[in-house]
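Below is one structure; the comments refer to it alone.
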């Protein structure tokens, strides 16, 4: 059980770490580019150093070649004058210098190989770095576009939410107004019942009790009275 818990904790830590890496992916890419550029700069510095050292050894080889050439001329002159012993001494000197020259030439050859190899590595790194930068630029552009789309979607969602909230508020206002209207009608009805006007209205509708006198009723009554008064006894 303890092992399972530890494994679960490690898994959670890995997920958390990966989430952090994902959230900082572009920043990490930028840092990796800077690190690669710094390493490339060091490689170029090393190339410059190798080329300088190679040139020093090449200069030494050239100097040795010149000395050997001069000594060969001197040895030939000694032979021409019959100075055999001197010619042998010069020849020994030439042999020693020739060994030094061979060593310098070998060093120059090694430098040439190292320089060519490093140049190739630098060219390859520059090409990879250039392609990587292009890809990162595309990724950044895509990231910016996606963020813009997310912002638009968020604003649209917010607008919909605000509209929905406004509609709910409007519905609540209508409901409250309807309730207020119903309450006012109920209050009027209760007031009418308490004052008796409601009962009188119902009796009037049923033809019971006092009726509204109209002008026609008054005229009819007057005519009837007039006719009665004028009738012979």
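Counting only residues that are exposed (fewer than 12 other Cβ atoms within 10 Å of the Cβ) and either at pLDDT below 80 or under 20 Å from the mean Cα position of the chain (by Cα) (or both), which one in the stretch 26-39 is nearest to residue 123 (Cα to Cα)? Per the stated criteria, the residue is 34. Any idea which of (1) surrounded by 12 or more Cβ atoms within 10 Å (Cβ to Cβ); (2) modelled with pLDDT under 90 is the one residue 23 doesn't satisfy? All conditions are met except number (1). Note on the stretch 118-145: among residues that are in contact (Cβ under 8 Å) with a residue 12 or more places away in the chain and over 30 Å from residue 49 (Cβ atoms), the one that is farthest from the chain's Cα centre (by Cα) is 136. For the stretch 40-75, the set of residues classified as over 30 Å from residue 121 (Cβ atoms) and touching a helix residue (DSSP H, G or I) at 6+ places or on another chain (Cβ under 8 Å) consists of 64, 65, 67, 68, 71, 72, 74, 75, listed by residue number.
The values are calculated or read from the model by the stated rules, or taken from the named source; none is laboratory data. The structure presented is a predicted model; accordingly, all values stated were derived computationally and were not measured. When we count neighbours, we look across all protein chains shown, and the Cβ atoms used for this are built from the backbone with ideal geometry, even at glycine.
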